[in-house]
Amino acid sequence: MITREKKDIIKIVSAILTTIILMTIFSIPILNIPSLGGLLFPGNGIWKVPGEIPVRELQSISGLNNDVTIIRDEWGVPHIYGSNESDVFFALGYCHAQDRLFQMDMFRRIARGKMAEILGFSALKDDKLNLAIGMEYWANLTLEKAYEMQDMGQIDFIPTVERYIEGINHYIDTHKNEMPLEYYLLNFEPQKFEPLDVISILKFVSLYYSWQYNDLYRYINYEAFNSVNPVWYSETHTPYLPYQIPVCPNYGEFPQSSFAESLQSEKNELLVEEISRFLSNIENIDFQKELIDSYCSKGSNNWVIDGIKSNTGAPILCNDQHWGWPIPTFLYETHVVSTDTNLNFYGYTVPGLSFPIVGYNQYLGWGATIFPADHLDWYYFNTDGDSNYIYNGSSVPYSYRNYEIKVKGQKPVAFTVKDTVHGPVLNTFLANEGVSNPFEDPNIILAPKYLPNSITYEFVAIYDMIHAKNRAEFDTASSNYASPPINMVYGDIYGNIAIRPTGAIPIRDDSKIPIGYYGNGSLPYNGSNGEGEWVDYAPFNELPNTLNPSQHYLVSANQIAAGPDYVQHFLHNDYAEGYRARRLNELLNYSEDISVSTMAGFQFDINSSMGKAFTPYFINATENYYGLSPPSQIDDVLEELNGWDYVMDKELSAPTIYRKWRDFFKSYTFDDEFSTYNALTKPRWSVLEYFMKENETSHWFDDINTGGTENRDDIILIALNATIEWLEDFYDDPDPHNWKWGDIHKLYFRSLTGLPSLNLGPYEGGGEGYTVNPSGISMNEKEVGYSYGGAAHRLIIDFSNLSNSRTCIAGGQRGLSNSKHYSDQLTELFLQGKHHLTYSGYSVNNFPDSLTESIIYFKPDGG
Amino acid sequence: MEKEKMILLLSFIVVYCITSVLTLIPVWHLIIIPGIIAGIMNKSMRYGILAASTGVLTCWLVYVLFGMATRNTYTILNQIGALLFGSGSGWIFMLLILLIGAIFGLLGAVIGNIGLVLVNRYVLSENRKLKSLEN
């Protein structure tokens, strides 16, 4: 009897212990994955992730004025129909939350410095930097100003933004137990949205496209060459890159050579040291490093042809914006119709923003590329104790902003930002954030003056743009647009085409800069000396623009905005080399009777104008050297390149050879001087092209580390040998015919979460960073190169029949990885060279059932 | 014998129903409860374990299949599985979920069954002794 009792006790104790152990095991997070029990067991985690949208749904909504119908088409794109504008924006907010809640949440958290709250200490330095930069701060001031303007009756868009936010919050309220996977993985819940979130996201979009450290990098190069030969700097950092075809064609053409003169100035060793340390620290912050690395690859294409060029008799407008390739993609297709204000637009919204950034209404359409106007200047100041700095010769106290940053798993962290008259001090607080070069009591502070760090009116502009009925109204509307500056290409149903680089462009007072120094915000200004004050902004009507040009087409691809005849205002220091613009001008100039299908083909064009520029010189130098009997491997290389039409086809070997050869050619041309004198960023490709074409004995081709004197062809041949050795090693194959481009050039679409299993790809791909259809890779390491960015969408607007307009996005409409719309457009359209029709011509009454995937009816509560 | 089988069937249904209700509550630790009830309902520990394990397993299997059919959750299982076991390993998690469900049912049944015996043996017998002393 005692034995049986003991057995029972042993059994129950064992069962209880096993239960406790199992429950503990399934309650403990493993690596970055939360507890498996909370994540996997029925009723928890993944089982509460929403599925596809119900085929039919009826909701009663309090505060709704009239009925709203949301019809999702076969691609999950919402077509929102209503008779009250604030109602349709409510529905748009609901759709954004339904499809992209986590993405929107991340955008606002980055902008408002709230990432550490969910990610912990590792995100603290990002939060500090983002708070210091001031997106949230300036969003708040912008919002306050907007409310003030609304009270005075000057603007009327605020109610739509508020209703949009209510739509987001309605989704959050009604789906508390159905959140995207990421919330369960990171174990937090979404907070309700507020107007400040939306304006902060707008500031984040500006930052994503226009924040940069180029002035500082340039300064390192400036000082590096200053003591050797100042001309070296002006040769490699010319403000007017060679071979540019301007966005606006009516301001003349650039001569091929336009290097400025340069004089020697006194070197500031302390500043070089502090800037180097600061840049090194910044590069240790992942998001900032990504911004730095992707700055030159971010861009876009847009072009428009008039009715004479098109086969429809009406304009056709194309746009593809290069946003990087996160999954979900930044962009969200939307069709919104409200009969009360005659609103009817189809376009791309950024989740978290209520208005589209590009698109069309029933009268007109527009596309946008980044107009890389310089509206960020860096200033350095001498400090005067802990609380003061020298500004314009006087000691001035800092102003302060105080924050308390919530950090997951620990106590909140107090953080104070010091502000100068120009902007926040950014080089003094990274020391404790695990960066490599701790701050050591510098006597110099660095502060940026950045246009989005001001009260700006993009929402006013875009709200009016989507309601504009003609060119004049559109111009008036876009005059309020500030940042990021964009080349606004335009077309309408009346046959007009136009382009206007648009944004707030500062006018600087360069009267105080030293002799030999560069102004126009290209290098950091000495704020203590009062240099580089922004005295005004270029008036909208003084910005370059073109309307209905005689060439019957317009192209922008982030190249220089205007030719040499435009003298009113200095516009930009950094812009694209112009290879995409070159190719697009070539395509449009020589094409007639262009159809929508032809335009679609242009968007997928992977013919490399850079390959066309460089390759003949490579071939000539090699053939001249080897004559008629080159070694067999070099003969194979020449065979590949001689038969190449410059199409960066993934099945060909020639693109691989050209690309690596090009890289080595640049390295062997510039590395010797740049590494000897500690210069940082290399010259742009068109600068190298210029020396290659115009000056084959340029000193840049001479290797300063050898006793001899090398010229262009010597360097080409050295680069050829290095290329063959590199590629033979990478492919483990000596036969150049087998060096297929697609084996080394892959397209990779990474999840916003950073979880590899939610990524899409890699896919073998054609193109390169400088083709119209761009996909840049690094080939510095001997490994497969992944392109993480390119066109995020492709839009074609047919003004002869707006229903014939087409689009696709690099991903899918929904951010939920279990949805068929997570990646459908990427795999079925984007990678296949296809678009889908926008279906914007249908009304709520005649939207075809065959295209309808789901319908949500919103009814006024009690109605 | 017939009665025991009826109770087995009844306890299976009870376990299934309680487990279903528990899927509405995001506290997965409560999954031990249906097993305990099955253990209490069945005199035979074997029957208790059978009812609890199969009850939880069946309920979770139906839940999982329904989730996969309506929400494409198997894709998510695959994506999470890929983080630990490589791509296409969602089925491992699926089996793991069902297995763990059955194990919690089993453990619950053992705890419930023996717990009842111990309660009867010590608490109720003590009560009886006390009552007899009072009488």
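Summed over segment A:757-791, the residues that are in a strand (DSSP E or B) and under 30 Å from residue B:85 (Cβ atoms) give a count of 8. Applying the condition of being among the aromatic types (Phe, Trp, Tyr) and modelled with pLDDT of 85 or more to segment B:76-95 and asking which residue is surrounded by the fewest Cβ atoms within 10 Å (Cβ to Cβ) yields B:91.
Residues that are touching a helix residue (DSSP H, G or I) at 6+ places or on another chain (Cβ under 9 Å), modelled with pLDDT under 95 and of a type in the set (Lys, Arg) are absent from segment A:192-202. Going residue by residue through segment A:70-87, is there one that turns out to be within 14 Å of chain B (Cβ to nearest Cβ) and part of a helix (DSSP H, G or I)? Among the residues of segment A:70-87, not one is within 14 Å of chain B (Cβ to nearest Cβ) and part of a helix (DSSP H, G or I), which makes the answer no.
A count restricted to segment B:43-66 and to residues that are surrounded by fewer than 23 Cβ atoms within 10 Å (Cβ to Cβ), within 18 Å of residue B:90 (Cα to Cα) and within 10 Å of another protein chain (Cβ to nearest Cβ) stands at 5.
Look at residue A:7 and say whether it is within 14 Å of chain B (Cβ to nearest Cβ), among the charged types (D, E, K, R) and in contact (Cβ under 8 Å) with a residue 12 or more places away in the chain. Judged against the criteria, residue A:7 is not a match.
Within segment A:303-325, the set of residues being under 15 Å from the mean Cα position of the chain (by Cα) and buried (at least 21 other Cβ atoms within 10 Å of the Cβ) comprises A:319, A:320, A:321, A:322, A:323, A:325. Within segment A:255-276, the presence of a residue that is closer than 24 Å to residue A:483 by Cβ, buried (at least 17 other Cβ atoms within 10 Å of the Cβ), at pLDDT 90 or above and within 29 Å of the chain's Cα centre (by Cα) is excluded. Taken over segment A:28-46, the criterion of being within 13 Å of residue B:30 (Cα to Cα) and either part of a loop (DSSP other than H, G, I, E, B) or more than 7 Å from chain B (Cβ to nearest Cβ) (or both) is satisfied by A:41, A:42, A:43, A:44.
Taken as a whole, the condition of being assigned to a helix (DSSP H, G or I) and surrounded by fewer than 23 Cβ atoms within 10 Å (Cβ to Cβ) does not apply to residue B:15.
Scanning segment A:1-53 for residues that are of a type in the set (S, T, N, Q) and crowded, with 17+ Cβ neighbours inside 10 Å returns A:19, A:35, A:44.
Quick one: is residue A:122 away from chain B (no Cβ under 14 Å), part of a helix (DSSP H, G or I), among the polar types (S, T, N, Q) and surrounded by fewer than 19 Cβ atoms within 10 Å (Cβ to Cβ)? In short, yes. Is it the case that some residue within segment B:102-121 is more than 9 Å from chain A (Cβ to nearest Cβ), farther than 14 Å from residue A:47 by Cβ and touching a Phe, Trp or Tyr at 6+ places or on another chain (Cβ under 7 Å)? Within segment B:102-121, none of the residues are more than 9 Å from chain A (Cβ to nearest Cβ), farther than 14 Å from residue A:47 by Cβ and touching a Phe, Trp or Tyr at 6+ places or on another chain (Cβ under 7 Å). Every condition in (1) within 7 Å of chain A (Cβ to nearest Cβ); (2) modelled with pLDDT of 90 or more; (3) closer than 19 Å to residue A:44 by Cβ holds for residue B:20 except the one numbered (1).
Of the numbered criteria (1) within 24 Å of residue A:820 (Cβ to Cβ); (2) free of Cβ contacts under 8 Å to residues at least 12 places away in the same chain, the one residue B:120 fails is (1).
Each row is one residue, and each column tells you yes or no for (1) out of contact with any helix residue (DSSP H, G or I) (no Cβ under 9 Å at 6 or more places or on another chain); (2) of a type outside the set (Ser, Thr, Tyr); (3) at pLDDT 95 or above.
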| site | (1), (2), (3) |
| --- | --- |
| A:701 | no, yes, yes |
| A:705 | no, yes, no |
| A:714 | no, yes, yes |
| A:723 | no, no, yes |
| A:736 | no, yes, yes |
| A:757 | no, no, no |
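Of the residues contained in segment A:6-27, none is found to be within 30 Å of residue B:77 (Cα to Cα) and part of a strand (DSSP E or B). Those residues that are over 28 Å from residue A:556 (Cβ atoms) and of a type in the set (Gly, Ala, Ser), I need them from segment A:489-531; list them, please. Of everything in segment A:489-531, those that are over 28 Å from residue A:556 (Cβ atoms) and of a type in the set (Gly, Ala, Ser) turn out to be A:511, A:516, A:527, A:528, A:530.
Taking residue A:794, is it touching a strand residue (DSSP E or B) at 6+ places or on another chain (Cβ under 9 Å) and either surrounded by fewer than 24 Cβ atoms within 10 Å (Cβ to Cβ) or in contact (Cβ under 8 Å) with a residue 24 or more places away in the chain (or both)? Spelling it out, residue A:794 is indeed touching a strand residue (DSSP E or B) at 6+ places or on another chain (Cβ under 9 Å) and either surrounded by fewer than 24 Cβ atoms within 10 Å (Cβ to Cβ) or in contact (Cβ under 8 Å) with a residue 24 or more places away in the chain (or both). Restricting A:812, A:742, A:754 to residues that are part of a loop (DSSP other than H, G, I, E, B) and either in contact (Cβ under 8 Å) with a residue 40 or more places away in the chain or not small (Gly, Ala, Ser) (or both) narrows the list to A:812.
Of the residues in segment A:47-61, at least one is facing another protein chain (nearest Cβ under 8 Å), closer than 26 Å to residue A:192 by Cα and small (Gly, Ala, Ser). Scanning segment A:750-785 for residues that are aromatic (Phe, Trp, Tyr) and surrounded by fewer than 23 Cβ atoms within 10 Å (Cβ to Cβ) yields a single hit, A:763.
If you go through segment B:23-35 one residue at a time, how many are within 10 Å of chain A (Cβ to nearest Cβ) and assigned to a helix (DSSP H, G or I)? Residues meeting the conditions: 6. Examine segment A:575-584 for a residue that is at pLDDT 95 or above, small (Gly, Ala, Ser) and not in a loop (DSSP other than H, G, I, E, B), and state whether such a residue exists. Looking through segment A:575-584, at least one residue is at pLDDT 95 or above, small (Gly, Ala, Ser) and not in a loop (DSSP other than H, G, I, E, B). Here residue A:300 meets each of (1) modelled with pLDDT of 95 or more; (2) surrounded by 24 or more Cβ atoms within 10 Å (Cβ to Cβ) with one exception, condition (1).
The values are calculated or read from the model by the stated rules, or taken from the named source; none is laboratory data. What you are looking at is a predicted structure, and each value in this text was computed from that prediction instead of being measured. Backbone-built Cβ (ideal geometry, glycine too); neighbour counts: all protein chains shown.
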